Amino acid sequence: MNDCIMTTKYELEKRKYVLGGAAILIVVVYLVRLFSLQMLSDDFKRNADSNAFLKRIQFPARGSITDRNGKLLVYNQPSYDIMVVMTEQTGVDTLDLCQSLGITRDWYDRRMAEIKDRSRNPGYSRYTQQLFMSQLSSEEFSRFQEKLFRFPGFYVQKRSTRQYQYSHAAHILGDVGEVNPADIKSDDYYQPGDYIGKLGVERSYERQLRGVKGTEILLRDARGRIKGRYQEGRFDQPPVPGKNLTLSIDLELQALGERLMQGKLGSIVAIEPKTGEVLCMVSSPTYDPRMMVGRQRGTSNIILGQDPHKPLLNRAIMGQYPPGSTFKTGQALTLLQEGIITPATPYPCSRGFHYKGLTVGCHGHGSPLPLVPAIATSCNGYFCWGLYHMFNNRRKYPRVQDAMTTWKDYMVSMGFGYPLGIDLPGEKRGMIPNATYYDKAYRGSWNALTVISIAIGQGEVNLTPLQIANLGATIANRGYFYTPHVVKEIQDEALDTLYTRPRYTMVDREYYDVVVQGMRAAVTGGTCRGANNTWYEVCGKTGTAQNPHGQDHSVFMGFAPKDDPQIAICVYVENGHYGATFGVPIGALMMEQYLRGSLCEASELRAQQFETTHLYKPYDYVSTAE
Amino acid sequence: MSAQQSNTQRKGAGLLQSIDWLTVLLYVVLLGMGWMSVCGATYDFDQAGNFFDFSTRSGMQIVWIGTSLLLAMLLLMTDDRLIESLSYIIYLLFVVVLFATPFLAHDIKGSLSWIKVGSFSIQPAEFAKFATALCVAKVMSASGFTVTRWRDLLIACLVIMVPVAAIILQKETGSALVYLSFFLMLYREGMAGSILFAGISAVVYFVVGVRFSEVPVWNGAPVALGPYLVLLFIQLFTGGMLWLYTERRAVARQVTFGGVGIMALATLFSRFVIPFNVVWVQLGVCAFSILYLLYLALRDRLLAYLYIALFAMGSLAFHYSADFVLNDVLQPHQQTRIKVLLGLEDDPRGVGYNVIQAKIAIGSGGLRGKGFLNGTQTKLKYVPEQDTDFIFCTVGEEEGFLGCAIVLLLFLTLILRLIHLAERQPYTFGRVYGYCVLSIFLFHLFINVGMVLGLTPVIGIPLPFFSYGGSSLWGFTILLFIFLRIDAGRYRLQR
């Protein structure tokens, strides 16, 4: 009996091994689990870091923009974005919020739905800040801030908006707007809600202007509250401010140009020949760049987009026009260089070019006449004959196509037919036809007469006003040009070599001298007499570009002073009729402003006259915008 | 020198030599590490690290640790025989307090277990453990008590279940579950191992059945993995028990290999010939096995067959009532906790959030951890209840794998040491009480660390000596030091 109890007791005591074994087993299993959690994977570490470290982006100040004389054109002003965290914004008095922000209940509901809509807002998360309303002004913000404590889940983020000191040069300055998905895709610098240059130099110098975003590493607790900086900011990276730009634009000249072009469609481009710097670039109609600031940008864009006169179009680089007679200077240079004519070669003109039933009309002047008076009087007959002789010169060019190709090469060397490469987005190439083009258009059967109108800047030839102004600059330089550009200096950075290297045409300097003589004669006794003055020697060439859709376009191309050119200019007034009607006087006023610093009294009166001469009825924004 | 002399001498030489100083050392080391963890878990960036400020939790924990040490000394100075003789009174007192608690308590996160005393809140349930352990020990040390007798076992269970009922009324199911650990002690004292096995089987059936109730055995199978596995287990367990408890190996072989073989054939048929729900075949196999065992029990007059048949039947019944238990017996937050733990509900910001963040905290610690007070996960409050139930996260994040391993090994040493101490008790009372203590520690360690590691359900019970809080610290201290006092009296003459 006793033995039995003893055995049982002994048997039972063995159960301590079961319990001890269970304890050991549990601890071993847990150690294995710990090992796999802590030693085998880095995921948890990364997870913990992304939990705890909030990388807050610090936005750099965007570079400012000044004109060539140091006048501040564009700068930054603080603005405030209202952010919302959906999970935290429960129990907000919506009515009170709407009133404080000056929005309607409808707008609020729509905006909230938009934020939650992942197809429109791919980065949506209920736990992070989402943009609710952007770019409140300081006044709006201070009104809202007083009540901010009543709206849990709503936060304010400081941003900066672009401010424009003047209402001028909208097309050059451009604007900034929120990045779109394509921007984000093409450059991972951007995140939704960032701003990017959309037009003008804001876009073409985006890289320089934007600076480099900084990051601040903050410790964030489970409720998203910031608990300080990680390691006292040792790993923070301060933002690098954007670089300031100095434009080559002369604000006064730009302002005068915009004034003179009021009520007219067209463009004025002025270039400093010895540098290629664009002194002014007017496109009319224009708009006030201040319309594109802040929350009104979207509406402004729509309103301007509806205007049939397309104020958003920068006609100076996007308008492709027949250059008309201004093109004859280029023709003269080509004919001289190719040896088709000498300065003394006379061609007849009996009120035009008549040959085999083809007539290109001209106005009355002496005939036959050599090159200089032909330029001065803008003789159509002369240049038609010139092209005819060139294209039919079978000793020099075996086929008409070869002549055409040679001609095209000259034109391209003068900067036509391709974008010049100005530092603004959207530049068009214009149109210089080539042999292939005509072969296609006329199925191979064409000759000099078929294409004769290209000799006088009509027909298939189209140039942008910038290309015409650049032609003026090239002639002023007697044979070369610098790629036109609107940015004169970038802070701490050299300009692209594209803008500092001269580009030579295929024509020698001596021939340019002849053309300059012709252009000078046009001012002293030809079509450009209106530009003549006693202060400096102006050289010019008018153009009256035929326009199948209506009244001819009025064109002027010129430069001054003749022997030390400071300014080359192109004035293009759509439907302005004769070059002498609008082109010449406007060009003269612009030159006077730039070369003398101001307009004399008589000129001021004439400027006022042009300012009030309207060729079209301005689009009525108010009545069309609902 | 006679044994009697030696004993008297030792007693005369004083208490100090009879105390198990290794356990005391383990206790003090764990307390120290626990305090460091509380410092790490409650560190606030705003009031950078004044750990001794009594308005902070780390400061308060010093108070609890100090009073605990005082309490431990007092307990060592009392007479263990006095404690033993007061067992019933202490137990009755706590039962009354436990049942009164829900009426006196103020609601803390749905729990009605805290009573306000002055400016402190105490949780009587934490103290009821030692009272229950004392009472059970007293009951089981009574002469003639045999755990294998059903009546006696029921009495012991009753003593355990009364406080459980009271604690469930306080909506502290987690604390109530701790009393399951008493079954480990009962097992040591001679309770049939099959009861323990049945309990563990029930947990396995429940977990497997619920976890895989929606998962097909193979893609597009008309059979869910949950019931399929459970029925397979039932067949295997039945076969295994036949192997262990009966003489005739043929029956065990038939039930095991025959049953499983039929199930396998049915599965192959369903997979490659005509898809059908294999569970019906499995049920048939189980039912046939049960009938066969009942027939054998009648024919051979062998109770073992009957019991095993009953086990199989009970298993089936339990499995099919598990859904009912989950959906209708458990409270909603417990349901979600279980479902999240079993991976049935994806809820990264809800209950699952705790487990995910706990794993991130531990996992980010690496080998050596981020260093004292350098944990971001715990400091920035990503881990909820980081200073109480999830305190082990702080150890994992700041002290790394090495720190965790040291803590676990210290606990293991403590438990194994307590087994040793319990086994050396000359009286049943001391041994039973000792096993109660170590079982409770083991259960807390198993559940608390397991939930932090994502291995066991999230049941809100503290990690002894680590979790912040006076009640639990005092409770564990009293529990442990009563045993050390009993152990210190082991040389006294046998009565």
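Put simply, of B:Pro462, B:Pro457 the only residue that is touching a Ser or Thr at 6+ places or on another chain (Cβ under 6 Å) and closer than 30 Å to B:Phe206 by Cβ is B:Pro462.
The set of residues in region B:420-448 that are touching a Lys or Arg at 6+ places or on another chain (Cβ under 9 Å) and either surrounded by fewer than 20 Cβ atoms within 10 Å (Cβ to Cβ) or farther than 17 Å from B:Leu184 by Cα (or both) comprises B:His420, B:Glu423, B:Arg424, B:Gln425, B:Pro426, B:Tyr427.
For region A:171-203, the candidate set comprises residues that are surrounded by fewer than 22 Cβ atoms within 10 Å (Cβ to Cβ) and within 25 Å of A:Ala255 (Cβ to Cβ); within that set, the residue that is farthest from the chain's Cα centre (by Cα) is A:Lys198. With respect to the conditions (1) more than 20 Å from the chain's Cα centre (by Cα); (2) of a type in the set (Asp, Glu); (3) under 25 Å from B:Gln123 (Cβ atoms), B:Glu398 falls short on a single one, namely (3).
When restricted to residues that are at pLDDT 85 or above, within 13 Å of A:Val85 (Cα to Cα) and aromatic (Phe, Trp, Tyr), region A:96-135 contains 1. For the subset of region B:369-418 comprising residues that are among the aromatic types (Phe, Trp, Tyr) and surrounded by fewer than 24 Cβ atoms within 10 Å (Cβ to Cβ), which member is nearest to the other protein chains (Cβ to nearest Cβ)? Ranking the qualifying residues of region B:369-418, first place goes to B:Phe401. The residues on offer are A:Ile217, A:Ile196, and the sole one that is farther than 30 Å from A:Ala568 by Cβ, touching a helix residue (DSSP H, G or I) at 6+ places or on another chain (Cβ under 7 Å) and either more than 14 Å from chain B (Cβ to nearest Cβ) or modelled with pLDDT of 95 or more (or both) is A:Ile196. The test for being under 26 Å from A:Met590 (Cα atoms), in contact with a helix residue (DSSP H, G or I) (Cβ under 6 Å, 6 or more places away or on another chain) and modelled with pLDDT under 90 holds for A:Gly526. Tell me whether region A:281-292 contains one or more residues that are buried (at least 21 other Cβ atoms within 10 Å of the Cβ), in contact with a strand residue (DSSP E or B) (Cβ under 6 Å, 6 or more places away or on another chain) and in a loop (DSSP other than H, G, I, E, B). No, that holds for no residue.
Taking the stated definitions as given, is A:Ala332 in a helix (DSSP H, G or I) and touching a Leu at 6+ places or on another chain (Cβ under 7 Å)? Criteria met by A:Ala332.
Taking B:Tyr292 and the conditions (1) free of Cβ contacts under 8 Å to residues at least 60 places away in the same chain; (2) touching a helix residue (DSSP H, G or I) at 6+ places or on another chain (Cβ under 6 Å), which numbered condition does it fall short on, given that it satisfies the others? Result: B:Tyr292 fails condition (2) only.
For the structure I just gave you, tell me whether A:Thr90 is within 30 Å of A:Val282 (Cα to Cα) and either out of contact with any Lys or Arg (no Cβ under 8 Å at 6 or more places or on another chain) or surrounded by fewer than 17 Cβ atoms within 10 Å (Cβ to Cβ) (or both). So A:Thr90 fails the test.
Evaluate region A:202-214: report whether one residue or more is within 14 Å of chain B (Cβ to nearest Cβ) and among the aliphatic types (A, V, I, L, M). No, region A:202-214 has no match at all. For region B:139-151, does any single residue satisfy the condition of being part of a helix (DSSP H, G or I), buried (at least 17 other Cβ atoms within 10 Å of the Cβ), assigned by TED's automatic domain parsing to the domain that holds B:Thr23 and not small (Gly, Ala, Ser)? The answer is yes, given that some residue of region B:139-151 is part of a helix (DSSP H, G or I), buried (at least 17 other Cβ atoms within 10 Å of the Cβ), assigned by TED's automatic domain parsing to the domain that holds B:Thr23 and not small (Gly, Ala, Ser).
To keep it simple, each residue is scored yes or no on (1) more than 14 Å from chain A (Cβ to nearest Cβ); (2) crowded, with 18+ Cβ neighbours inside 10 Å; (3) out of contact with any helix residue (DSSP H, G or I) (no Cβ under 7 Å at 6 or more places or on another chain); (4) at pLDDT below 85.
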{"position": "B:Glu214", "(1), (2), (3), (4)": "yes, no, yes, yes"}
{"position": "B:Tyr228", "(1), (2), (3), (4)": "yes, yes, no, no"}
{"position": "B:Leu232", "(1), (2), (3), (4)": "yes, yes, no, no"}
{"position": "B:Gly239", "(1), (2), (3), (4)": "yes, yes, no, no"}
{"position": "B:Arg248", "(1), (2), (3), (4)": "yes, no, yes, yes"}
{"position": "B:Phe269", "(1), (2), (3), (4)": "yes, no, yes, no"}
{"position": "B:Ile274", "(1), (2), (3), (4)": "yes, no, yes, no"}
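Could you go through region B:459-472 and let me know if any residue there is away from chain A (no Cβ under 11 Å), more than 18 Å from the chain's Cα centre (by Cα) and surrounded by fewer than 20 Cβ atoms within 10 Å (Cβ to Cβ). Yes, some residue in region B:459-472 is away from chain A (no Cβ under 11 Å), more than 18 Å from the chain's Cα centre (by Cα) and surrounded by fewer than 20 Cβ atoms within 10 Å (Cβ to Cβ).
A:Leu424 meets all of the listed conditions (1) surrounded by fewer than 17 Cβ atoms within 10 Å (Cβ to Cβ); (2) in contact with a Lys or Arg (Cβ under 9 Å, 6 or more places away or on another chain) but one, namely (1). Among the criteria (1) under 15 Å from A:Tyr195 (Cβ atoms); (2) among the charged types (D, E, K, R); (3) outside any strand (DSSP E or B), the one A:Arg118 does not fulfil is (1). Quick check: is even one residue across region A:183-195 within 30 Å of A:Tyr594 (Cα to Cα), part of a strand (DSSP E or B) and of a type outside the set (A, V, I, L, M)? So far as region A:183-195 goes, no, none of its residues is within 30 Å of A:Tyr594 (Cα to Cα), part of a strand (DSSP E or B) and of a type outside the set (A, V, I, L, M). Of the residues screened, B:Cys135 is one that is in a helix (DSSP H, G or I), in the same structural domain as B:Pro102 (by TED's automatic domain parsing) and crowded, with 21+ Cβ neighbours inside 10 Å. Would you say A:Met39 is in contact (Cβ under 8 Å) with a residue 24 or more places away in the chain and within 14 Å of chain B (Cβ to nearest Cβ)? So A:Met39 does not fit the description; no.
Considering only residues of region A:339-390 that are among the hydroxyl-bearing types (Ser, Thr, Tyr) and in contact (Cβ under 8 Å) with a residue 60 or more places away in the chain, which is surrounded by the fewest Cβ atoms within 10 Å (Cβ to Cβ)? Result: A:Tyr355. The sole residue among A:Gln237, A:Gln165 that is surrounded by fewer than 19 Cβ atoms within 10 Å (Cβ to Cβ) and modelled with pLDDT of 90 or more is A:Gln165. Restricting region B:295-308 to residues that are part of a helix (DSSP H, G or I) and in contact (Cβ under 8 Å) with a residue 40 or more places away in the chain leaves a set whose member that is surrounded by the most Cβ atoms within 10 Å (Cβ to Cβ) is B:Ile308.
In region A:25-36, of all residues being of a type outside the set (Ser, Thr, Tyr) and more than 7 Å from every other protein chain (Cβ to nearest Cβ), the one that is surrounded by the most Cβ atoms within 10 Å (Cβ to Cβ) corresponds to A:Val29. The set of residues in region B:413-470 that are in a helix (DSSP H, G or I) and charged (D, E, K, R) comprises B:Arg417, B:Glu423, B:Arg431.
Yes/no matrix, rows are residues, columns are (1) buried (at least 24 other Cβ atoms within 10 Å of the Cβ); (2) within 17 Å of the chain's Cα centre (by Cα):
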| position | (1), (2) |
| --- | --- |
| A:Gly257 | yes, no |
| A:Ile268 | yes, yes |
| A:Pro273 | yes, no |
| A:Val278 | yes, yes |
| A:Ile303 | no, no |
| A:Asn314 | yes, yes |
| A:Ile317 | yes, yes |
| A:Gly330 | yes, no |
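The values are calculated or read from the model by the stated rules, or taken from the named source; none is laboratory data. Note that this is a predicted model, so its numbers are computed, not measured. Ideal geometry is used to build each Cβ from the backbone, glycine not excepted, and the neighbour counts take in all protein chains shown.
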